[in-house]
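Participant: Take this structure first; my questions come after.
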Amino acid sequence: MNRTDIAELLLPPVGLLWLLLVAIFMAHTRRLRALLLLVFAALWILGSPMISRMALRSLALSDGAQPAIAGAALLVLGGDVSHDANGYEAGAASEARVREAARRAKVSNLPVIVSGGPLYPDEPAVANLMAQSFADRGIEALVEDRAKDTCENLRYGAALARDAGIEGPLLVVTHAWHMRRAMIAAELVGAPALPAPLPLEALPRKAIRAFLPSPRGWGESYWALHEWLGVLTYRAGLCR
């Protein structure tokens, strides 16, 4: 491990685990000690980059292979937004989807539809920010700027495609860990869709650092749990 790794282990939030470990040894009752130990183990496991990456990969519909599939248009699902002193722009996840869709569009010459409304009141729609990123790459995208979730992405995106005279299945471009929920949503709303996921991220190298907690590990575990909850919710038919 290098100095950066050591600092990450000592500073918050990871460093707070060591305080929790001290609390375990200072606990006055066996029941409290067991509870604190369970919390410590859960946080350690969820923060492990190897475990969190495996959790994300478990959501993928395939092993990441990119078969040649035909579609009528690319439907790019909105992601995150970045905000600084200069204003709003597409966030890192949104930009990754834009890059993948732009690559596919230049190869296939398919039209591009981008879907996503505002994440919060008084913010610009994600789709408008992503459309600007497409424009910077010389691609004009059709914009659907009302969708508030994945179900609405598919419902409104398919409706926009019909209004534009686009017939045939839509190639849905999103992260591999989001694709399972997106395909369930497409089925529930009756949108003709095929998966066109971003490539899967590789597992970390099997070094000791891959099994030590990190902020990124916790973030990836959060998204994995968020997506599996969304999959279960959609499987129950709770799709607006």
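The values are calculated or read from the model by the stated rules, or taken from the named source; none is laboratory data. Keep in mind that this is a model prediction, so the values were computed, not measured. Positions of Cβ are generated from backbone atoms using ideal geometry, with glycine treated the same way; all protein chains shown enter the neighbour counts.
Participant: When you scan the stretch 201-230, how many residues do you find that are surrounded by 16 or more Cβ atoms within 10 Å (Cβ to Cβ) and at pLDDT 90 or above? Lay out the reasoning, then the answer.
Facilitator: Filtering the stretch 201-230 for residues surrounded by 16 or more Cβ atoms within 10 Å (Cβ to Cβ) gives 204, 209-214, 217-218, 220-221, 223-224, 227-228, 230.
Adding the requirement that they be at pLDDT 90 or above leaves 204, 210-214, 217-218, 220-221, 223-224, 227-228, 230.
Counting residues in the stretch 201-230 that are surrounded by 16 or more Cβ atoms within 10 Å (Cβ to Cβ) and at pLDDT 90 or above gives 15.
Participant: Among the residues of the stretch 185-236, write down those that are over 16 Å from Ala60 (Cα atoms) and assigned to a loop (DSSP other than H, G, I, E, B).
Facilitator: The answer is Gly190, Ala191, Pro192, Pro204, Arg205, Lys206, Ala207, Leu212, Pro213, Ser214, Ala236.
Participant: Please find, within the stretch 74-88, the residue that is surrounded by the fewest Cβ atoms within 10 Å (Cβ to Cβ) out of those that are touching a Leu at 6+ places or on another chain (Cβ under 8 Å) and not acidic (Asp, Glu).
Facilitator: Here the residue is Tyr88.
Participant: Also, I was wondering about something else. Among the polar types (S, T, N, Q), part of a helix (DSSP H, G or I), under 14 Å from Arg97 (Cβ atoms) and modelled with pLDDT of 95 or more: does that describe Ser133?
Facilitator: Details: among the polar types (S, T, N, Q): yes; part of a helix (DSSP H, G or I): yes; under 14 Å from Arg97 (Cβ atoms): yes; modelled with pLDDT of 95 or more: yes.
So Ser133 fits the description; yes.
Participant: Collect the residues in the stretch 97-109 that are buried (at least 17 other Cβ atoms within 10 Å of the Cβ) and among the hydrophobic types (A, V, I, L, M, F, W, C), keeping them in residue-number order. Working first, answer last.
Facilitator: Start the filter on the stretch 97-109 by keeping residues that are buried (at least 17 other Cβ atoms within 10 Å of the Cβ), which leaves 97-98, 100-102, 104-105.
Result: Val98, Ala101, Ala102, Ala105.
Participant: Scan the stretch 129-142 and report the pairs whose first residue is touching a residue at least 24 places away in the same chain (Cβ under 8 Å) and whose second residue is among the basic types (Lys, Arg), with Cβ atoms within less than 9 Å and a gap of 6+ or a chain change.
Facilitator: Met130/Arg97; Ser133/Arg99; Arg137/Arg99; Arg137/Lys106; Ile139/Lys106
Participant: Still on this model: Check the stretch 191-200 and report whether any residue there is free of Cβ contacts under 8 Å to residues at least 12 places away in the same chain and either out of contact with any Ser or Thr (no Cβ under 7 Å at 6 or more places or on another chain) or buried (at least 17 other Cβ atoms within 10 Å of the Cβ) (or both).
Facilitator: As a first pass, look at the stretch 191-200 and keep what is free of Cβ contacts under 8 Å to residues at least 12 places away in the same chain: none.
Within the stretch 191-200, none of the residues are free of Cβ contacts under 8 Å to residues at least 12 places away in the same chain and either out of contact with any Ser or Thr (no Cβ under 7 Å at 6 or more places or on another chain) or buried (at least 17 other Cβ atoms within 10 Å of the Cβ) (or both).
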